[in-house]
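First comes the structure, then the notes that go with it.
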Amino acid sequence: MVELADNRPRWRQVHEIIRERIRSGHYQPGTRIPSVIQLQEEFGIATATGQKVMRALRADGLIYTEPGMGSFVVEQLPEEPGD
């Protein structure tokens, strides 16, 4: 299980980790990212926290969700602020 800092919101930390995995190519465009349940297992977070992470990743334009199929990395990643 990934250890998270106590002094920052857990959802932000998980969001940053998954965002970095997407940006670094660990999760390739078009591939499925871990589900909320998988995030719970990996990071020891609550369901609501995992859902908040997914909402933030969608708001960032990094993923899209297909009901019944999962969440996937977008084909064209948006530019990072400052790029």
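Could you figure out which of (1) among the hydroxyl-bearing types (S, T, Y); (2) touching a residue at least 12 places away in the same chain (Cβ under 8 Å); (3) more than 23 Å from A5 (Cβ to Cβ) isn't true of Y64?
Going through the list (1) among the hydroxyl-bearing types (S, T, Y); (2) touching a residue at least 12 places away in the same chain (Cβ under 8 Å); (3) more than 23 Å from A5 (Cβ to Cβ), Y64 breaks only (2).
Okay, residues lined up against (1) loosely packed, with under 14 Cβ neighbours inside 10 Å; (2) assigned to a helix (DSSP H, G or I); (3) touching a Lys or Arg at 6+ places or on another chain (Cβ under 6 Å); (4) aliphatic (A, V, I, L, M):
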site	(1), (2), (3), (4)
V2	yes, no, no, yes
V14	no, yes, no, yes
Q40	no, yes, no, no
K52	no, yes, no, no
F72	no, no, yes, no
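Tell me the residue from P29, P81 that is in contact with a strand residue (DSSP E or B) (Cβ under 7 Å, 6 or more places away or on another chain), surrounded by fewer than 17 Cβ atoms within 10 Å (Cβ to Cβ), in a loop (DSSP other than H, G, I, E, B) and not basic (K, R), please.
Only one candidate qualifies: P29.
Are there any pairs with C-beta distances below 9 angstrom linking a residue in segment 67-83 that is modelled with pLDDT of 95 or more and among the hydroxyl-bearing types (S, T, Y) to a residue that is surrounded by fewer than 15 Cβ atoms within 10 Å (Cβ to Cβ) and assigned to a loop (DSSP other than H, G, I, E, B), with the two at least 6 apart or on different chains, and if so which?
Final answer for the pair search is S71/S35.
In this structure, does S24 turn out to be closer than 22 Å to V2 by Cα, loosely packed, with under 14 Cβ neighbours inside 10 Å and touching a Gly at 6+ places or on another chain (Cβ under 8 Å)?
no
The values are calculated or read from the model by the stated rules, or taken from the named source; none is laboratory data. Predicted, not measured: the structure shown is a model, and the values here were computed from it. Reconstructed Cβ throughout: ideal geometry from the backbone, glycine too, with neighbour counts over all protein chains shown.
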